[in-house]
Structure formats: C-alpha cells, structure tokens
1. Quick one: in segment 77-108, which of the residues that are closer than 15 Å to Ile25 by Cβ and either modelled with pLDDT under 95 or not hydrophobic (A, V, I, L, M, F, W, C) (or both) is surrounded by the most Cβ atoms within 10 Å (Cβ to Cβ)?
2. Among the residues in segment 238-252, are any touching a Gly at 6+ places or on another chain (Cβ under 8 Å) and more than 21 Å from Ala304 (Cβ to Cβ)?
3. Among the strands (runs of 3 or more DSSP E) contained in segment 31-143, which hold 2 or more residues that are touching a residue at least 60 places away in the same chain (Cβ under 8 Å)?
4. Go through Ala375, Ala391 for me and flag whichever is modelled with pLDDT of 95 or more, under 27 Å from Asp477 (Cβ atoms) and part of a helix (DSSP H, G or I).
5. So in segment 285-318, with the set limited to residues that are at pLDDT below 95 and in a loop (DSSP other than H, G, I, E, B), which one is farthest from the chain's Cα centre (by Cα)?
6. Looking only at segment 380-409, which residues are under 22 Å from Trp428 (Cα atoms), without any contact (Cβ under 8 Å) to a residue 60 or more places away in the chain and acidic (Asp, Glu)?
7. Could you tell me how many of the residues in segment 229-259 are part of a helix (DSSP H, G or I) and crowded, with 23+ Cβ neighbours inside 10 Å?
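The values are calculated or read from the model by the stated rules, or taken from the named source; none is laboratory data. On a predicted model such as this, the values are computed, not experimentally measured, just so you know. Glycine gets a Cβ as well: all are built from the backbone with ideal geometry, and neighbour counts include every protein chain shown.
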Amino acid sequence: MIFRFFFFSLVVFGAVSRASDTANILLIVSEDNGPELGCYGDPYARTPNLDQLASQGVLFKNAFVPYSVCSPSRACFLTGLYPHQNGQIGLATHKFAMYSKDTPNFATLFKEAGYRTGLIGKLHVNPESAFPFDFRAIKGANFGRKNPVTDYADHAKEFWNEQAKGHPWFLSVNYPDAHLPFLKKVNGRPDKPLNADDVKPMPWVGVDTPRLRNEVANYYNCMERLDTGVGLLLDALEESGESENTVVIYIGDHGAQFPRGKGTVYEGGLRVPMLIRWPGVARAGLVREELVSTVDLLPTALAAANPGETRRELNLPGYDLRPLLGGGKPETWRQYEYGFTTGSFPRAVFVQHSIRDARYKLISSPLPGTTNHDARTYLDETHPHFVVSGATSKDQEMASPQTKAAWERWEKPPRYELYDLESDPSEWKNLADDPKFSEIKTRLTNALTEWQTRSADPFIDPVRVERFVEHQLDFRDLRYKSIKDFRWPYLDEFPGVRESMKK
C-alpha cells in the first residue's frame with residue numbers, strides 16, 4: 001500500500017472585510033477528557049448541551065491528539081504542527097517550549113486576517129508571546145475552580161460586545177474540568193452529583209475498586225459541570241446574534257487521567273471528542289468514521305475565514321475537514337494517525353511513538369526494557385508525582401491477570417506493541433510477536449519510519465533518543481526550575497537537525 005504524507009498548502013491572507021461568508025470561529029477546549037460524552041454512547045455521562053451540539057453538527061468518532069499531555073497537545077492544535085515540528089515536546093511548567101516565537105498560529109494568522117482574537121482560560125504553551133491575543137481572561141489554569149463556569153460565558157460576552165463588535169473574530173474558551181482534582185461539586189454544580197455506586201471505570205483502565213469508582217464518579221461530575229458551562233457559552237453566543245455565522249468546534253485536549261490514559265500513546269490518552277457545528281456547511285447529526293486529528297483544526301478554520309490578499313504560504317500537515325462535514329466521501333484521506341510522548345517532564349520521561357490505521361495500532365519504544373517513568377506516576381505510590389486517580393497497591397491486588405500483564409508491559413515496554421483495535425479496543429493483547437500479524441507489523445513499522453523521515457522527526461535516531469532521556473533523568477531533581485533563562489538543549493539542537501533531514 002502506498003504511504004501518503006499530506007501537506008495542506010494554504011494561502012495566508014491579509015486584511016479581509018466583514019462578509020457573510022467570513023465565518024467567526026469559536027473553539028471550545030476541555031481538560032483531560034476523552035469521548036466520555038452521552039453523544040459518544042457513554043453510559044454515565046450527563047452532557048445534554050454537548051449532545052445537542054453534536055446533533056446540530058458533525059461528530060467525529062475517531063478523533064485524536066498527537067500527544068496526550070496539555071502543553072504539547074495545545075501547541076499542536078494552535079499551530080497545526082506536530083510536537084517535533086513546533087518544539088513543544090513537554091510541559092510548559094517544566095520549561096519546554098516551541099522552537100520559535102514566530103511560529104504561525106491561530107492568534108497571529110487570524111489577526112493578520114483582520115479578526116479580533118480572544119482566549120479565555122489557560123494557554124500553557126511557551127513562549128506565551130507567540131500568541132498575541134487581543135483579549136485575555138482567566139489566564140490561570142483555574143484547577144481550584146475559583147472562577148465558576150458562569151465566568152467563562154460572561155467573559156465571552158465581554159469579548160463579543162467590546163472587543164469584537166463589528167469585526168470577524170476567533171475566540172478560544174478553555175475550561176478546567178475535567179482536570180484533577182476531580183471536584184464533586186462547585187458552586188452548586190452539579191445539583192445531583194454521581195456517587196461511586198453509580199459508575200464503573202472506563203474499560204481501558206482495567207480495574208474496578210470502590211476507591212477508583214469514587215474518582216470516576218467525580219470525573220463524571222466534572223464533565224457535567226463542563227457541559228453546563230458549554231451550555232451557558234452557547235446560549236450567550238445565540239444571544240449575541242452571531243450564532244448563524246459562527247463555526248463552533250469542541251474538543252478535549254487529551255484523554256482522562258487514569259491508568260493507561262493521559263500521558264500515554266494508548267487510545268485512552270490519544271482519543272478525544274471532536275464536534276463541529278457549521279451552519280450551512282456541516283450536516284446536522286452526521287457521524288464520521290475517518291481518522292481525524294486536532295492538527296486539522298487550523299487548516300479547517302483558515303479555510304472558513306474567506307482568505308483575501310495573499311501574503312505567504314503555509315505547509316501544514318493537517319487536513320481541511322470540510323469534505324467530511326457535508327456527508328460526502330473525499331477522494332483521498334489519511335490512512336494513518338500518529339501519537340508521540342516524551343513523558344512531558346524529567347520525572348516521567350519515556351519516549352514512544354504510535355501509529356494506527358482504521359483497525360491496527362503499533363506502538364514503538366526505541367529504548368525497550370527500560371523504565372517508563374510516566375507509568376510509575378500511576379502505579380507507584382512512592383513516586384513524587386503519583387496521581388490520586390492512579391492504581392494504588394491495593395487497587396493493583398484487585399486487578400485481573402490480563403490487566404497486570406498490561407501494566408507490566410506499560411512499565412517496561414517491549415520494542416513494539418501491536419493491537420487489533422477491532423477485537424481489542426482497550427489494547428490488552430499484544431500481537432507484535434505473533435507470526436500471523438508480521439505483515440501488518442512490518443507495514444506499520446515502515447509507515448512510521450517513513451512519516452518520521454518525511455516530517456523531519458529528530459527522534460527517529462535512537463542515539464538521540466537515548467541522549468535526550470539521559471539528560472532528562474539527570475534533571476530529576478528539577479533544579480532547572482530555579483535556573484534563570486534555562487533552556488533545554490533540544491530547543492537549539494533540533495531545528496538544525498530538522499533542516500538537515502529535509503535536505
């Protein structure tokens with residue numbers, strides 16, 4: 001099968017006048033949640049507003065992020081580039097950053113187009129100066145939920161009434177739910193919270209204990225509170241009179257923070273919800289099965305903005321989603337979806353790639369048999385960053401042999417893992433060493449190598465991977481936090497490496 005590497009060539013535009021076919025863009029982003037929504041068939045989710053949004057537009061059943069941690073994921077959808085292309089390969093709080101403050105992104109490109117731009121909620125990408133939004137509100141993460149969900153809609157009204165009035169606009173609204181801590185109730189929401197007896201953990205978690213059920217229940221309470229906030233925001237949009245001329249996009253920034261979820265290249269980390277309502281373009285109630293990525297959002301949004309005067313051309317790896325929105329079948333579409341992780345900071349370091357097609361998933365670990373420190377944050381109570389939604393030693397005693405084997409593989413990964421997602425959607429049975437699947441393994445391995453080569457991925461070199469990991473482990477004391485103007489060496493090394501790979 002021919003491997004296709006697709007670059008979306010896009011004309012970036014000068015100032016445009018307000019016109020009926022110039023769409024506003026509302027990008028709604030929630031924290032740490034996969035497709036745990038009613039419209040995706042989740043049995044415990046109480047998300048009527050997001051379900052209604054899905055009924056009014058297109059639901060993408062197979063939507064993914066390239067990296068299942070906040071900063072890299074957000075850098076990807078804001079720039080339309082994969083992590084190794086933009087440089088944000090770890091958390092901004094740990095001084096990871098994009099290579100250049102001049103990287104084109106939603107804020108700069110839409111400002112060039114004459115749009116007013118706004119961001120409500122956290123950015124969490126370095127350097128922040130790369131994103132010169134005209135309007136900012138609730139700049140912190142708000143994980144303590146000191147700002148109630150009503151504040152987000154109120155600030156959106158402020159943006160529309162004062163900053164954007166009479167102009168096309170782009171606004172991104174970023175909610176803190178459902179990031180840890182999973183708060184059961186905030187400012188009376190939800191009014192009737194779920195309890196441990198009402199839920200079960202997601203199938204890919206692999207263990208069911210009363211303690212974990214309590215965390216899961218509060219996760220779903222966060223999701224209900226998020227849904228309320230989205231409802232208030234969409235009501236405010238309707239009241240503004242701009243709804244019919246606005247593309248509404250909703251995504252989660254990555255999967256939920258439970259074992260084998262956030263931070264991993266398993267489906268529980270990379271799969272996210274994606275809903276798009278686009279009046280006159282997106283067919284109401286449509287469900288698409290194609291593989292889509294959050295790197296597709298920027299080229300799609302730019303296509304909605306009615307480009308005018310030519311300024312320069314961008315090469316973005318994402319796809320314009322418009323051919324999928326009306327129910328038609330595109331002539332060509334991506335065959336593969338890619339995932340990546342570095343562990344995101346020194347105490348969780350481990351480098352992995354993944355590639356999947358419509359059925360099979362390959363995970364590549366260039367340093368097999370070494371410790372996946374990110375897995376330890378979920379499975380080792382002595383780890384300084386052990387998360388409360390991980391599996392304690394008592395939880396692990398309750399796990400099945402299948403789950404225990406998967407956790408062992410997660411902690412000390414082999415060179416390759418291969419899963420049949422049709423028969424094994426939670427990725428329990430590794431088929432990489434099964435001769436019956438050798439042809440599939442070879443095809444996916446070759447496709448991953450070709451993609452890394454074409455996209456100029458410095459981590460294609462195992463020596464470079466080993467050097468990166470060793471350097472990260474040397475900084476497990478986090479001393480870089482107190483070093484003024486500290487820069488990770490890759491920020492200066494990788495741009496040159498990438499340029500030489502392109503020649």
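1. Out of the qualifying residues, it is Gly80.
2. yes
3. 58-64
4. On the way: Ala391 fails: part of a helix (DSSP H, G or I).
After ruling out the rest, the residue left standing is Ala375.
5. Result: Glu309.
6. Scanning segment 380-409 gives Asp380, Glu397, Glu408.
7. Of the residues in that region, 4 qualify.
Yes or no, residue by residue, for (1) at positive phi; (2) modelled with pLDDT of 95 or more; (3) charged (D, E, K, R); (4) assigned to a loop (DSSP other than H, G, I, E, B):
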| site | (1), (2), (3), (4) |
| --- | --- |
| Thr403 | no, yes, no, no |
| Trp407 | no, yes, no, no |
| Asp424 | no, yes, yes, yes |
| Lys429 | no, yes, yes, yes |
| Ala432 | no, yes, no, yes |
| Lys436 | no, yes, yes, no |
| Val465 | no, yes, no, no |
| Phe468 | no, yes, no, no |
| Gln472 | no, yes, no, no |
